[in-house]
1. Among the candidates ARG286, ARG278, ARG242, which residue alone is at pLDDT below 95 and more than 16 Å from ligand 1 (Cβ to nearest atom)?
2. Which residue pairs have Cβ atoms closer than 9 Å, lie 6 or more positions apart in sequence or on different chains, and pair a first residue in segment 89-105 that is in contact (Cβ under 8 Å) with a residue 12 or more places away in the chain with a second residue that is of a type in the set (A, V, I, L, M) and exposed (fewer than 13 other Cβ atoms within 10 Å of the Cβ)?
3. Take segment 263-294 and flag every residue that is open to solvent by less than 80 Å² (accessible area, probe 1.4 Å), more than 7 Å from ligand 2 (Cβ to nearest atom) and among the small types (Gly, Ala, Ser).
4. Among (1) within 29 Å of ASN89 (Cβ to Cβ); (2) open to solvent by 50 Å² or more (accessible area, probe 1.4 Å); (3) modelled with pLDDT of 65 or more, where does THR298 come up short?
5. What's the number of the only condition in (1) in a loop (DSSP other than H, G, I, E, B); (2) surrounded by 14 or more Cβ atoms within 10 Å (Cβ to Cβ); (3) not polar (S, T, N, Q) that HIS13 fails to meet?
6. Does at least one position in segment 43-64 carry a residue that is modelled with pLDDT of 95 or more, in a strand (DSSP E or B) and away from ligand 1 (no atom under 16 Å from the Cβ)?
7. With segment 93-196 as the region, which helices (runs of 4 or more DSSP H) entirely inside it contain at least 1 residues that are modelled with pLDDT of 70 or more?
8. Would you please name the residue that is farthest from PHE200 (Cα to Cα), looking only at residues in segment 53-94 that are open to solvent by 50 Å² or more (accessible area, probe 1.4 Å) and acidic (Asp, Glu)?
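The values are calculated or read from the model by the stated rules, or taken from the named source; none is laboratory data. Worth saying up front: this structure is predicted, and the values here are computed from it rather than measured. Reconstructed Cβ throughout: ideal geometry from the backbone, glycine too, with neighbour counts over all protein chains shown. These area figures cover heavy atoms from the full protein model, side chains too; ligands, DNA and RNA do not enter into them. Shrake-Rupley method; radii C 1.70, N 1.55, O 1.52, S 1.80 Å.
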Amino acid sequence: MSNRYADSPDPGHYNHTHRALLQAFLSQSVMTFDELKPVIAEILIAHEPDREILVNDITQQTVTSMVQTINAHVNALDYEIRSTRNQNNRNLTYALVNGTSDPLTQIATSFTPDEIAYIKRLLDFMFETNNTKIREVMAVKGLKAVQLAKAPPRNRQSQAAGDGDGDEESMATQAGPVIKSVLPNDAEKVLSQLVVQGFFDRSHAGYYSLAPRALMELRTYLKETYNEPPGDEDEDDEPVTRIRDCEGCREIVTVGLRCDNKECGVRWHDHCAMQYFRNQQGSRRRCPKCKAEWEGETYVGEKADQAGGRRRTTNGQSSMIDEDDE
Ligand SMILES: [Zn+2]
Ligand SMILES: [Zn+2]
């Protein structure tokens, strides 16, 4: 494999090529490795017209090296190019991320405050309502997504499982200005814009879920917003972990597999689980944490919306219809 350009040109020194790549990210915030290859090849050819550079000369190492140099340069401005694998097709995906304190506003620069509040309702639905101990769907179906355009009578911030009684009042005041509903037509526009901008994916079955770009931008935000450490609100509150990392790659899992034991926190991406269990000796596959037998049929993501997340139960009837268990 030719690696002629892995360290070229001028490794570590921010130059025209890095500036041009940063420009490319500024105009198109998210790109897969395959989309990046021709972009970088063109940049390098412009930089050194005499060298013969083919798209396939651009390796992952080329990208990594250039991205590192750019990151060192833009770090002080709170920008970073991050990468992750698409959970559905494993495509390596890069995004320019702004690491400021309010990522939701960053994501939504092209939206009105009411639309941002709508996006927040979508996220709350994905990661609270549609993400219970029994069913970790972490997605919202198209029709429901449009229904959420209607603002609730009283605005509450990301509501915790319990209803806050007296807290509710203070939360409403903290939430600031009154949030108005978004018209159904506008909601559909917001949704399609989110898909175009690479924040949401829309599946064939019509579910909206977070796309790689949103997962990269919202990594910290999601955990801070939806995970409740012990004793966060009520003293006797159990800690609630709604956002979990993959046992293999340590990235957030919103599409993948979970341990059959509902009390167990082990989550995987399909591919990461496959790798782990392929390397496991013997015929008995067991969860690395709770040691429960591993069937690999309890899902995270829209598949979990069918029969409580199992493809089929052994005795032909689902015992996991009950949704309220928390
Ligand atoms: Zn993984
Ligand atoms: Zn387990």
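1. Step by step, each of ARG286, ARG278, ARG242 is checked, and only ARG286 is at pLDDT below 95 and more than 16 Å from ligand 1 (Cβ to nearest atom).
2. LEU96/LEU26; ASN98/LEU77
3. The answer is GLY265, ALA273, GLY282.
4. So the condition that THR298 fails would be (2).
5. Failing condition for HIS13: (2).
6. no
7. Answer list for segment 93-196: 103-107, 113-124, 142-147, 184-196.
8. ASP78
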